[in-house]
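Novice: Let me give you the structure first, and then I'll get to my questions.
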Amino acid sequence: MQAAIEPDAFASVHTLIVEQWQPEAKARCVVDLHEVSYLGSILLGLLINIRTRVRSTGGTVVLCGLPTRLLHVVRTASLDRLFDLYPTRTEAMKSF
């Protein structure tokens with residue numbers, strides 16, 4: 001089953017993460033995308049905003065679990081230059 005996120009719901013999540021979330025100094029964040037079936041510009045922008053927020057504290061964000069099709073999208077958008085990519089959450093956690 002695939003579910004779409006309503007624009008208003010996404011705006012709330014984006015506001016919560018970008019404007020209200022205060023990551024700890026040198027936070028290490030793993031974003032597991034194994035259940036994501038579509039990676040559009042809105043989600044790409046959110047990932048970049050999360051990275052910016054975490055890096056401002058000296059932290060790191062890594063991505064994991066990308067299905068092959070979405071891995072291609074990430075590489076096409078050159079996001080593999082911004083994020084380290086791991087096939088599984090376990091491998092991503094070990095990277096720290």
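The values are calculated or read from the model by the stated rules, or taken from the named source; none is laboratory data. Here the structure is a predicted model, which means the values were calculated and not measured. Positions of Cβ are backbone-derived with ideal geometry, glycine not excepted, and every protein chain shown enters the neighbour counts.
Novice: Take the residues in the range 75-96 that are in a helix (DSSP H, G or I) and touching a residue at least 60 places away in the same chain (Cβ under 8 Å); name whichever of them is nearest to the chain's Cα centre (by Cα).
Specialist: The qualifying residue nearest to the chain's Cα centre (by Cα) is ALA92.
Novice: Now for a separate question. Filter the range 19-74 down to the residues that are in contact with a Ser or Thr (Cβ under 8 Å, 6 or more places away or on another chain), part of a loop (DSSP other than H, G, I, E, B), modelled with pLDDT of 90 or more and crowded, with 18+ Cβ neighbours inside 10 Å and list them by number.
Specialist: GLY65
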